[in-house]
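Encoded as structure tokens, the structure appears first; notes follow it.
The values are calculated or read from the model by the stated rules, or taken from the named source; none is laboratory data. From a predicted model like this one, the values you see are computed outputs, not experimental measurements. Every residue, glycine among them, receives a Cβ derived from its backbone with ideal geometry; neighbour counts consider all protein chains shown.
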């Protein structure tokens, strides 16, 4: 997978202008696919909460899904919710229960990360994945991504927006990061979650009649991480520069940074090169949880530290109340 284009997040770009005609092609093709799938929309016996975004990668959907699961259980909204993900990468198409100790080459990094926080189902066919959740007696489905896929009915759609990036240049793929038009995205959403400080006045562009919640991505510095230790950081995520910023905000001693493409499949050569750089500079390596699960098949990882992150909601009570109320209203409307 390629790195996130920098021109997506610039107000003016010749590249974006030249690619704009292809955005119309993308929009037309996307509309045809959605129309086809919408004719076969399946309604699960379980309530479905979908965590999605309107841009390509990097909004914080997966940590938001993990945090919402915790909130849902703590508020007794559900006792045993299951994650459902198509999962980027991995040979397994499903529907199957994700093995948390499996290899990323089989399951993909997002599915493995979810499985370490609760039961997760990977399925390229979301409706079939929902049926598997029913079979295993789960009482709610938290769907990581899939807002634009109408094959499975959703009771609640949360659209996650990164406050630092907003909607980029506001253009559709490939000229910009948008996976669907803002108008359609706003219409599909039941509520919005802005992660981080709202640096683009996103709040004013959102529908005023739909709830908006705020959250922060919080680093969890473990005891194994020493702020005095020199580190070479590396990451293969949609916006690796955010990881570097987080490390610096935590006060870590970062002497070098190596970025890879999103979902990069690390090779033995990649790791050997990083290890050599660390040895030469008397440093350790540090990476993200998402990158680390793609290294979990390796036997020697003692020299690599991980910086875990989690989502913290600014008003958990209001969020929990909204979920309870909306699920009840949707359930009553189907009776």
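Within region 191-232, the set of residues being crowded, with 18+ Cβ neighbours inside 10 Å and over 21 Å from the mean Cα position of the chain (by Cα) comprises 225, 231, 232. Based on what the data block shows, is residue 60 on the phi > 0 side of the Ramachandran plot and assigned by TED's automatic domain parsing to the domain that holds residue 166? Criteria met by residue 60.
Scanning region 82-127 for residues that are closer than 22 Å to residue 237 by Cβ, crowded, with 20+ Cβ neighbours inside 10 Å and out of contact with any helix residue (DSSP H, G or I) (no Cβ under 8 Å at 6 or more places or on another chain) turns up 108, 111.
Just one of the listed residues (214, 263) is within 29 Å of residue 189 (Cα to Cα) and at pLDDT 90 or above, namely 214.
Across region 38-63, the qualifying residues are those that are part of a loop (DSSP other than H, G, I, E, B) and in contact with a helix residue (DSSP H, G or I) (Cβ under 7 Å, 6 or more places away or on another chain), and the one among them that is farthest from residue 331 (Cα to Cα) is 54. Residue-level analysis places residue 73 among those that are without any contact (Cβ under 8 Å) to a residue 12 or more places away in the chain, in the same structural domain as residue 128 (by TED's automatic domain parsing) and in contact with a strand residue (DSSP E or B) (Cβ under 8 Å, 6 or more places away or on another chain). Evaluated against (1) within 25 Å of the chain's Cα centre (by Cα); (2) modelled with pLDDT under 95, residue 268 falls short on exactly one condition, (1).
Just one of the listed residues (71, 19, 79, 54) is more than 16 Å from the chain's Cα centre (by Cα), closer than 23 Å to residue 152 by Cβ and surrounded by 14 or more Cβ atoms within 10 Å (Cβ to Cβ), namely 71. Restricted to region 203-293, the set of helices (runs of 4 or more DSSP H) holding at least 2 residues that are in contact with a strand residue (DSSP E or B) (Cβ under 7 Å, 6 or more places away or on another chain) and without any contact (Cβ under 8 Å) to a residue 60 or more places away in the chain comprises 240-249, 268-280. Counting only residues that are over 20 Å from residue 238 (Cα atoms) and modelled with pLDDT under 95, which one in region 129-152 is surrounded by the most Cβ atoms within 10 Å (Cβ to Cβ)? Step by step, filter region 129-152, then rank; the result is 152. Only a single criterion out of (1) over 21 Å from residue 240 (Cβ atoms); (2) touching a residue at least 12 places away in the same chain (Cβ under 8 Å) is not satisfied by residue 10, namely (1).
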